[in-house]
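The values are calculated or read from the model by the stated rules, or taken from the named source; none is laboratory data. Predicted model, so just to flag it, every value in this text is computed and none were measured. Don't worry about glycine lacking a Cβ; one is built from the backbone with ideal geometry, like all the others, and counts go over all protein chains shown.
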Amino acid sequence: MPSIETSITIDGITCWDEGLEETYDIRGKSSGAVRTVRCAWTNRRALGTAFATGAANVYPADDKWFATSINVKGEGLRVANEIEGGMIGWQYAVLTVKYGPKDEESNGGPLDIGGESLDFSSFGLALSQDESSFKWDDGSGDDVPTGLAPSIRVSTVAFVKEVKNVDVLPTDLVIATLDHTNSDLIFGAAPGTLLYQGAQSSHRILLGGVDRWDLGHRMEYNPRGWNKLYKPDVGWTAFKFKADNSDPFPPAPFAALFA
């Protein structure tokens with residue numbers, strides 16, 4: 001039963017420490033702790049959330065250990081709890097919280113906040129059929145006929161930048177940035193070379209009903225720039241829509257997508 005000597009407060013919730021075991025693996029990978037905490041049954045979800053996402057997620061005696069799993073057991077039979085659909089209501093909840101080091105191979109385990117994946121692609125850029133873009137390299141300097149000229153292969157890098165544990169899905173921002181190029185240097189890409197192609201999202205509900213979103217922002221890098229074409233006798237040249245003098249892929253700041 002609860003003892004005043006072990007009474008503590010976690011995120012404003014009164015609870016009682018009832019047990020602790022620490023394990024030290026020589027290699028370090030299996031080191032961790034198991035902490036047992038008792039609270040009122042009605043506070044179990046709030047306390048579980050404190051361990052899952054709050055300050056209690058970090059082990060008090062070692063800031064390299066984090067809560068990885070939480071088991072809840074009811075004790076002290078009370079009465080049927082109508083609020084929970086007729087499920088038996090217990091007097092106390094005993095939470096067994098397991099702590100361990102973050103998983104370096106998965107970029108942070110329970111504190112994983114992002115990631116990145118790369119892929120490579122290419123496309124063929126059609127050249128002018130009115131004027132030759134090539135000449136023969138045989139000393140004559142004659143133009144290669146446009147009917148023989150190949151399209152230019154442009155290699156690109158497609159990558160997905162992952163942002164995890166987002167509170168609110170930024171739908172408006174994603175839509176506003178779609179088909180825009182980066183206005184500033186970001187991820188090593190010069191302005192105008194990175195094209196935003198939208199985001200894939202997944203929704204998770206954490207203990208206590210906390211909503212979290214994971215987003216995968218897809219972009220494609222073109223070293224030539226997305227608003228340039230090859231102009232004979234000039235080279236890579238910026239172009240715009242004739243009707244309104246606007247860029248086909250207008251610039252936009254990308255930093256807010258990853259804040």
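Just checking, how many residues over the range 208-255 are under 30 Å from G48 (Cβ atoms) and surrounded by 11 or more Cβ atoms within 10 Å (Cβ to Cβ)? Full working, then the answer.
So in the range 208-255, the residues under 30 Å from G48 (Cβ atoms) come out as 208-216.
Then drop every residue that is not surrounded by 11 or more Cβ atoms within 10 Å (Cβ to Cβ), which leaves 208, 210-216.
Residues meeting the conditions: 8.
Could you tell me which residue of the range 20-63 is farthest from S3 (Cα to Cα), considering only residues that are hydroxyl-bearing (S, T, Y) and not in a strand (DSSP E or B)? Working first, answer last.
As a first pass, look at the range 20-63 and keep what is hydroxyl-bearing (S, T, Y): 23-24, 30-31, 36, 42, 49, 53, 59.
Restricting the remaining residues to those that are not in a strand (DSSP E or B) gives 24, 30-31, 42, 49, 53, 59.
On the way: Y24: 29, S30: 32, S31: 29, T42: 19, T49: 23, T53: 27, Y59: 22 Å.
This residue is S30.
In this structure, does V154 turn out to be within 17 Å of the chain's Cα centre (by Cα) and either in contact (Cβ under 8 Å) with a residue 24 or more places away in the chain or surrounded by fewer than 11 Cβ atoms within 10 Å (Cβ to Cβ) (or both)?
Working: within 17 Å of the chain's Cα centre (by Cα): no; either in contact (Cβ under 8 Å) with a residue 24 or more places away in the chain or surrounded by fewer than 11 Cβ atoms within 10 Å (Cβ to Cβ) (or both): yes.
Judged against the criteria, V154 is not a match.
Is there a residue in the range 164-174 that is modelled with pLDDT of 95 or more, under 17 Å from the mean Cα position of the chain (by Cα) and not polar (S, T, N, Q)?
So far as the range 164-174 goes, yes, one or more of its residues are modelled with pLDDT of 95 or more, under 17 Å from the mean Cα position of the chain (by Cα) and not polar (S, T, N, Q).
Taking V144, is it modelled with pLDDT under 95 and either touching a Ser or Thr at 6+ places or on another chain (Cβ under 6 Å) or among the aliphatic types (A, V, I, L, M) (or both)? Explain how you work it out, then say what you get.
Values: modelled with pLDDT under 95: yes; either touching a Ser or Thr at 6+ places or on another chain (Cβ under 6 Å) or among the aliphatic types (A, V, I, L, M) (or both): yes.
Judged against the criteria, V144 is a match.
Sort out which residues of the range 32-50 are aromatic (F, W, Y) and modelled with pLDDT of 95 or more, and write them in order of number. Break it down stepwise before answering.
Kept after step one, since they are aromatic (F, W, Y), are these residues of the range 32-50: 41.
Of everything in the range 32-50, nothing turns out to be aromatic (F, W, Y) and modelled with pLDDT of 95 or more.
Being on the phi > 0 side of the Ramachandran plot and of a type outside the set (G, A, S) is true for just one of D184, D167, D233, D211. Which residue is that? Talk me through it step by step, then tell me what you get.
Details: D184 fails: on the phi > 0 side of the Ramachandran plot; D167 fails: on the phi > 0 side of the Ramachandran plot; D211 fails: on the phi > 0 side of the Ramachandran plot.
Testing whether each residue is on the phi > 0 side of the Ramachandran plot and of a type outside the set (G, A, S) leaves just D233.
Regarding the range 119-128, can at least one residue be identified that is under 26 Å from the mean Cα position of the chain (by Cα) and either of a type outside the set (G, A, S) or at pLDDT 90 or above (or both)?
yes
Which count do you get for residues in the range 119-139 that are assigned to a loop (DSSP other than H, G, I, E, B), closer than 19 Å to R153 by Cβ and touching a strand residue (DSSP E or B) at 6+ places or on another chain (Cβ under 9 Å)? Outline the logic, then answer.
Of the range 119-139, the ones assigned to a loop (DSSP other than H, G, I, E, B) are 126-134, 136-139.
Next, from what is left, pick out any that are closer than 19 Å to R153 by Cβ: 126-129, 132-134, 137.
With touching a strand residue (DSSP E or B) at 6+ places or on another chain (Cβ under 9 Å) added as a condition, the list becomes 126-128, 132-134.
Selection size over the range 119-139: 6.
What about W213, is it aromatic (F, W, Y) and assigned to a loop (DSSP other than H, G, I, E, B)? Walk me through it before giving the result.
Numbers: aromatic (F, W, Y): yes; assigned to a loop (DSSP other than H, G, I, E, B): no.
When the stated conditions are applied, W213 does not pass them.
Hey, could you check the range 1-19 for residues that are surrounded by 13 or more Cβ atoms within 10 Å (Cβ to Cβ) and part of a loop (DSSP other than H, G, I, E, B) and say which is nearest to the chain's Cα centre (by Cα)?
Selected residue: D11.
Which residues, counting only those in the range 187-207, are outside any strand (DSSP E or B), small (G, A, S), at positive phi and surrounded by 11 or more Cβ atoms within 10 Å (Cβ to Cβ)? Give the steps one after another, and end with the answer.
Of the residues in the range 187-207, the ones outside any strand (DSSP E or B) are 187-188, 190-193, 207.
Imposing the further condition that a residue be small (G, A, S) reduces the set to 188, 190, 192.
Checking which are at positive phi leaves us with 188, 192.
Hit for the range 187-207 is G192, nothing else.
Out of all the residues in the range 194-207, which are in contact with a Ser or Thr (Cβ under 7 Å, 6 or more places away or on another chain) and either among the basic types (K, R) or modelled with pLDDT of 95 or more (or both)?
L194, L195, Y196
Residue-wise test of (1) at pLDDT 80 or above; (2) in a helix (DSSP H, G or I); (3) surrounded by 12 or more Cβ atoms within 10 Å (Cβ to Cβ).
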residue	(1), (2), (3)
K73	yes, no, yes
I83	no, yes, no
G89	no, no, yes
G100	yes, no, yes
